[in-house]
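Reading through the structure tokens given below for one structure.
The values are calculated or read from the model by the stated rules, or taken from the named source; none is laboratory data. This structure is a prediction, so every number in the text was calculated from the model and none was measured. Please note: Cβ atoms are built from the backbone with ideal geometry, for glycine as well, and neighbour counts cover all protein chains shown. With ligands, DNA and RNA removed, areas are computed over all heavy atoms of the protein, side chains included. Shrake-Rupley method; radii C 1.70, N 1.55, O 1.52, S 1.80 Å.
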Amino acid sequence: MRQRTIFQTAEPKDEMRFWAKSDGCIALLDGKMFVRTNCEKLTNKLQELYALEENQWFMEEVNLVKLRKVLDDFGFEIAGVAPFFIPNTEENVSLGEEIQFFSPEEILQFKEDKRFVHSFSFDEAFPDKLGAAFIEQGEMLAVAGASEGGRFAWEVGVELLSEKAKGRGIASKLVRAMKNKTLADYPENLLLYGTQFSHVKSMNVAIQAGFTIGFTEIRWTKKA
């Protein structure tokens, strides 16, 4: 039985995730491939090429080279390739007194703090929805944040703020806390953890926090 592949020509919608708002994207999950473009001729070409593709091996370089050539012919270029992790089930674990959560309003107190690069967006287009910090003896050692990446999708980021946090699994503990809090209090939203295939440490943080790879995605934009 061949894998299911869906092709669609449509403009991106406001409620879509940031990656899905590109000129086009391919998402691969559970042996299925979902393709959306805003160019009907490109959609038809991709369907011609990939309707019977073995999707599990789509990310091999030989396939990406072919995809880049097709996109180039239509005036597009790949803008990103990444894995996205999704939560496993909620766990009944003690977070410890070191974990402190922050509401969207409380997150604003950190807006001028230049240390926060990956955790909070401070962007109305991607509003911050939840924050968590690991605090030890009054010092904030690490922080994680979830921003709204789409109508029903939050994307989590985490960063260490002190050398004292390194090598202690604190990043994973924070991401796990964010996962459990979201599953318990905001079940209508999917918490996503996006990273890069080359960032092994980041992927391990997700795995140790109780996430699993949900899908991989390729997005492209019009060439400048």
- Query: Pairs Lys129/Lys164; Lys201/Lys222; Lys179/Lys201: which are spaced more than 20 Å apart, C-alpha to C-alpha?
  - Reply: Lys129/Lys164; Lys201/Lys222
- Among Leu67, Thr89, Gln56, whose Cα sits farthest toward the positive end of the charge dipole of the range 1-137 (+1 at Cβ of Lys/Arg, -1 at Cβ of Asp/Glu, about the Cα centre)? Leu67
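Charges at C-beta only: +1 for Lys and Arg, -1 for Asp and Glu. How large is the resulting dipole of the chain about its Cα centre, in Debye rounded to 20? Don't jump to the answer; show the numbers that get you there.
Details: 28 positive and 34 negative charges, 140 e Å.
My answer is approximately 680 debye.
Which FRET efficiency value, to the nearest 0.05, is calculated for Glu139 and Gln196 with the Förster distance at 35 angstrom and r the Cβ-Cβ distance?
Numbers: r = 29 Å, r/R0 = 0.84.
That gives a FRET efficiency of 0.75.
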- Task: Could you pull the Rg and Dmax for the chain, using just the Cα atoms, both in Å?
- Result: 19.1, 61
- Answer with one residue from Phe215, Leu183, Thr195: the one whose Cα lies farthest towards the positive end of the charge dipole of the range 175-224, charges on Cβ with Lys, Arg +1 and Asp, Glu -1. Thr195
- Checked against the positive end of the charge dipole of the range 110-153 (+1 on Cβ of Lys and Arg, -1 on Cβ of Asp and Glu, about the Cα centre), the farthest of Phe110, Phe152, Phe134 is Phe152
- Restricting to Cα pairs under 8 Å and 6 or more apart, the percent relative contact order of the chain works out to 27 percent
- Rounded to two decimals, what is Rg over Rh for the range 110-224 when you use alpha-carbon atoms and the Kirkwood radius? 0.97
- Query: In angstroms, what radius of gyration and Dmax does the range 64-143 have, counting Cα atoms only?
  - Reply: 19.3, 58
- Message: If you restrict to DSSP beta bridges whose two residues both lie in the range 1-100, what percentage is antiparallel, to the nearest 5?
- Response: 55 percent
- Hypothetical label at Arg151: residues of the range 30-71 whose amide nitrogen lies under 14 Å (7 Å Cα-Cβ projection): none
- Crossing angle, helix 40-50 versus the chain [Cα axis fit, 0-90 degrees, rounded to tens]: 90 degrees
- The distance between the Cα centres of the range 156-224 and the range 60-132, in whole Å, is 7 Å
- Normalised Cα Rg of the range 27-111, dividing by 2.2 N^0.38 Å with N its residue count, works out at 1.72
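Please calculate how many Å² of accessible area the range 112-207 carries per residue, with a 1.4 Å probe and no DNA, RNA or ligand atoms counted. Before the final figure, lay out each step's value.
On the way: 4750 Å² over 96 residues.
Computed with neighbouring chains in place, this is 49 Å² per residue.
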- Query: Please identify the GluC sites (Glu not before Pro) of the range 101-133 that satisfy two criteria: DSSP loop assignment and at most 14 other Cβ atoms within 10 Å. Which are they?
  - Reply: Glu112, Glu124
- Can you give the alpha-carbon Rg of the range 132-179 over 2.2 N^0.38 Å, where N counts its residues? 1.21
- How many percent of Cα pairs in the range 159-224 exceed 13 Å? 70 percent
